[in-house]
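To start, the structure under review is shown below, and the notes come after it.
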Amino acid sequence: MSIGQLKQSEFDTHVAGQTLRLSFVGMSNAGKSYRSKVLCCKLGFSWHHVDEKIQEMFNFHSMTDISSWLGHPSDTGYQEREKCYLRSEDQLTRRASIQTSGKNLVLDTTGSVVHLNAETLQVLYESCLVVHLDVGNDSLDCMIEQFFSNPKPVIWCGHFSMNAGESKEDALRRCYPILLKRRLERYRTLAHVNIPASSVRDLDGRETLNRIRECLG
């Protein structure tokens, strides 16, 4: 599927022909999985949930299991576990990007998708219509507090450091906002379409597709 200059009429043709490959990118809790579920349950899309595929690959049963295994970025062995996680995510994302199943596909990526190999991101960009559910800069403070009240596994990719005499929590509070801001910038650059996450929150499947369609030429 040639995506670069996808027109509304071409989008319609792909949807009708069951050849659309759509990829949601964005922050954790932006609504990627919920939007994907709606498209799957209401419009029959094939839903490829990368987080779940990673859990299956590592024989984990929940995100809590992944968080416990991955650990804190200052823990011994964290970087090797992070590399292992990213290799698996890279493999699963690349494979799903070019998947054909006779159905429209929605690829539900992880928050760390922007840290994958450049080649994989190029495959994703060329094979899928990449839609960023943009939470907006104003929401970052709330996301930071949510992280500390309900921690999730985080892929840092070099964005974490500890200063002399700094506690782990202080280092996290200093580094996490930087990570979020840089991810937000990279989501926006990666996507063909940037849509405010709040604008699709209450939409059904058909309305979601129409909202995406409106953003095309």
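Every number in this text was worked out from the coordinates using simple rules, so none of it is lab data. Here the structure is a predicted model, which is why all the values come from computation and not from measurement. In this analysis, Cβ positions are derived from the backbone assuming ideal geometry, glycine residues included, and neighbour counts consider all displayed protein chains.
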**Message:** Tell me which helices (runs of 4 or more DSSP H) are completely within the stretch 6-71 and hold 1 or more residues being small (Gly, Ala, Ser) and surrounded by 20 or more Cβ atoms within 10 Å (Cβ to Cβ), or say none if there are none.
**Reply:** 32-43
**Message:** So in the stretch 122-139, with the set limited to residues that are over 29 Å from ILE98 (Cα atoms) and more than 16 Å from the chain's Cα centre (by Cα), which one is surrounded by the fewest Cβ atoms within 10 Å (Cβ to Cβ)?
**Reply:** ASP138
**Message:** Going through ARG211, ARG201, ARG182, ARG186 one at a time, which residue ends up being outside any loop (DSSP other than H, G, I, E, B), of a type outside the set (Phe, Trp, Tyr) and surrounded by fewer than 15 Cβ atoms within 10 Å (Cβ to Cβ)?
**Reply:** ARG182
**Request:** Could you list, in sequence order, all residues of the stretch 72-91 that are of a type in the set (Asp, Glu) and surrounded by 15 or more Cβ atoms within 10 Å (Cβ to Cβ)?
**Result:** GLU82, GLU89, ASP90
**Request:** Go through the stretch 72-81 residue by residue and tally those that are out of contact with any helix residue (DSSP H, G or I) (no Cβ under 8 Å at 6 or more places or on another chain) and either aromatic (Phe, Trp, Tyr) or in a helix (DSSP H, G or I) (or both).
**Result:** 2
**Positions within the stretch 98-134 being among the charged types (D, E, K, R) and under 23 Å from SER199 (Cα atoms), in sequence order** = ASP108, ASP134
**Asked** Restricting attention to the stretch 124-135, does a residue exist that is among the hydrophobic types (A, V, I, L, M, F, W, C), in contact (Cβ under 8 Å) with a residue 12 or more places away in the chain and part of a helix (DSSP H, G or I)?
**Response** yes
**Residue ID - nearest to HIS72 (Cα to Cα), chosen from residues in the stretch 144-176 that are surrounded by fewer than 17 Cβ atoms within 10 Å (Cβ to Cβ) and in contact (Cβ under 8 Å) with a residue 24 or more places away in the chain** = LYS168
**Message:** Go through the stretch 140-158 and report how many residues are part of a loop (DSSP other than H, G, I, E, B) and more than 18 Å from the chain's Cα centre (by Cα).
**Reply:** 2
**Request:** Six or more apart or on different chains, Cβ under 9 Å: which pairs go from a residue in the stretch 60-73 that's among the acidic types (Asp, Glu) to one that's outside any loop (DSSP other than H, G, I, E, B)? Could you list them?
**Result:** ASP65/GLN55; ASP65/PHE58
